[in-house]
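Single-structure report; data block below.
The values are calculated or read from the model by the stated rules, or taken from the named source; none is laboratory data. These numbers were taken from a predicted model, which means no experiment stands behind them. Cβ sites come from the backbone with ideal geometry, for glycine too, and all protein chains shown count toward neighbours.
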């Protein structure tokens, strides 16, 4: 039954609770529209969005460039199937390879799919060039997606028993611990895969020396180095790609989230020497689908033309400065991040409650674990909107301090 125009929120929530499979504890609100940095629910309440659709809405909500790209492409061709090349696919592939320094690209619809493609490519490399090596080393507290294979690759402790048996072939080692990684390499290792900043793990960046040593080790052993830039890519950290902060390039890089500005899209990029898939090894119904390609091209062009990585760097510094000013008053700790991927720790494990109180005030923030608050607003955020965020943040801090000496 179609949702009726003007239907009240209670009725909508009743329908949602009766029909939508439970996978998340969602608040009792229904989002209806968005513009720029703001979302509105069906009650008309406005929310300042410092979650950014989970670091997805890089251009803000409902940007004109996405609407125009969809309208233009939908009037020409929506889907010719993955069996054929199409013009938007070719244009977008050329743009991405030019910007990234990689030579080849495979398009998909989600970050997990892009990471699955990287795992397949690594195992193909192991089969062809490393005597059948098939194991991938990943990191504790890393995050690579929610398919069964990517949950197996992800180093979340509380996921270990979920959906057993997990897909074999992954070893988890501590992040930023080169010696542990080196010790895990054996004749069955085909790749090392990691995030340059562990986003879901709490916004923890990789150390420069650690990455240099990983790069050299991969070269020495002939194994692939894979950078998961699903969350960090496309301007989020103050560079177009996070690897640019280090001057170290991987053999394979995955992109998602901000690449489509909210439209489902992801990509895996690699060097020409790893263009080794045979026909049928990889694919997908929506690989290179025209609407996604048109949107991706428009979004990435906009990121580049508006110099949004530079803006993210500048605005990120402004947020970090503001947090440091609040640190002593509210006892917030471990302020960290790059660009517009920022986190801080609360003195008590009340992250979920803090995020819920922010929601009441009309501010969207994320708590990836019990003590951490993460900020990842759209790349278009202004200083005025950051100031508004701090006012709302302080309101919640003050309320929680009054209600409890320890939050």
### Query
Within region 67-77, is even one residue within 30 Å of residue 39 (Cα to Cα), under 22 Å from the mean Cα position of the chain (by Cα) and crowded, with 22+ Cβ neighbours inside 10 Å?
no
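Determine which member of the set 21, 39 is modelled with pLDDT of 95 or more and surrounded by fewer than 11 Cβ atoms within 10 Å (Cβ to Cβ). Outline the logic, then answer.
Working: 39 fails: surrounded by fewer than 11 Cβ atoms within 10 Å (Cβ to Cβ).
Selected residue: 21, the only one of 21, 39 that is modelled with pLDDT of 95 or more and surrounded by fewer than 11 Cβ atoms within 10 Å (Cβ to Cβ).
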### Query
Would you say residue 392 is part of a helix (DSSP H, G or I), touching a strand residue (DSSP E or B) at 6+ places or on another chain (Cβ under 6 Å) and more than 30 Å from residue 97 (Cβ to Cβ)?
yes
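Determine if region 262-285 includes at least one residue that is surrounded by 24 or more Cβ atoms within 10 Å (Cβ to Cβ), touching a strand residue (DSSP E or B) at 6+ places or on another chain (Cβ under 8 Å) and within 23 Å of residue 385 (Cα to Cα). Lay out the reasoning, then the answer.
Start the filter on region 262-285 by keeping residues that are surrounded by 24 or more Cβ atoms within 10 Å (Cβ to Cβ), which leaves 265-270.
When the remaining residues are screened for being touching a strand residue (DSSP E or B) at 6+ places or on another chain (Cβ under 8 Å), the result is 265-270.
So of that shortlist, the ones also within 23 Å of residue 385 (Cα to Cα) come out as none.
Checked against the condition, which is being surrounded by 24 or more Cβ atoms within 10 Å (Cβ to Cβ), touching a strand residue (DSSP E or B) at 6+ places or on another chain (Cβ under 8 Å) and within 23 Å of residue 385 (Cα to Cα), region 262-285 yields no hits at all.
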### Query
Is there a residue being in contact (Cβ under 8 Å) with a residue 40 or more places away in the chain and assigned to a loop (DSSP other than H, G, I, E, B) anywhere in region 109-119?
yes
### Query
Residues in region 361-370: is at least one buried (at least 19 other Cβ atoms within 10 Å of the Cβ) and more than 23 Å from the chain's Cα centre (by Cα)?
no
### Task
Would you check if there is a residue in region 82-91 being touching a residue at least 40 places away in the same chain (Cβ under 8 Å) and in contact with a strand residue (DSSP E or B) (Cβ under 6 Å, 6 or more places away or on another chain)?
no
### Message
Given (1) buried (at least 20 other Cβ atoms within 10 Å of the Cβ); (2) touching a helix residue (DSSP H, G or I) at 6+ places or on another chain (Cβ under 9 Å); (3) within 20 Å of residue 261 (Cα to Cα), identify the lone condition not met by residue 99.
### Response
(1)
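Taking helices (runs of 4 or more DSSP H) that do not extend beyond region 146-256, which have at least 1 residues that are free of Cβ contacts under 8 Å to residues at least 40 places away in the same chain, assigned by TED's automatic domain parsing to the domain that holds residue 128 and closer than 18 Å to residue 119 by Cα? Steps first, please.
Values: elements: 148-153, 178-184, 208-221.
The qualifying helices (runs of 4 or more DSSP H) are 148-153, 208-221.
Residue by residue, here is whether (1) within 22 Å of residue 197 (Cα to Cα); (2) at pLDDT 95 or above; (3) in a strand (DSSP E or B); (4) assigned by TED's automatic domain parsing to the domain that holds residue 97 holds:
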{"site": "296", "(1), (2), (3), (4)": "no, yes, no, yes"}
{"site": "299", "(1), (2), (3), (4)": "no, yes, no, yes"}
{"site": "313", "(1), (2), (3), (4)": "yes, yes, no, no"}
{"site": "319", "(1), (2), (3), (4)": "yes, yes, no, no"}
{"site": "324", "(1), (2), (3), (4)": "yes, yes, no, no"}
{"site": "328", "(1), (2), (3), (4)": "no, no, no, no"}
{"site": "337", "(1), (2), (3), (4)": "yes, yes, yes, no"}
{"site": "367", "(1), (2), (3), (4)": "yes, yes, yes, no"}
### Task
For residue 97, work out the one condition from (1) outside the structural domain of residue 232 (by TED's automatic domain parsing); (2) in contact with a strand residue (DSSP E or B) (Cβ under 7 Å, 6 or more places away or on another chain) it doesn't fulfil.
(1)
### Query
What number goes with the only condition from (1) at pLDDT below 95; (2) buried (at least 19 other Cβ atoms within 10 Å of the Cβ) that residue 82 does not pass?
(2)
#### Entry: Flag for residue 111 being over 30 Å from residue 277 (Cβ atoms) and buried (at least 17 other Cβ atoms within 10 Å of the Cβ)
no
### Query
If you go through region 228-247 one residue at a time, do you hit one that is buried (at least 22 other Cβ atoms within 10 Å of the Cβ), at pLDDT 95 or above and over 23 Å from residue 377 (Cα atoms)?
no
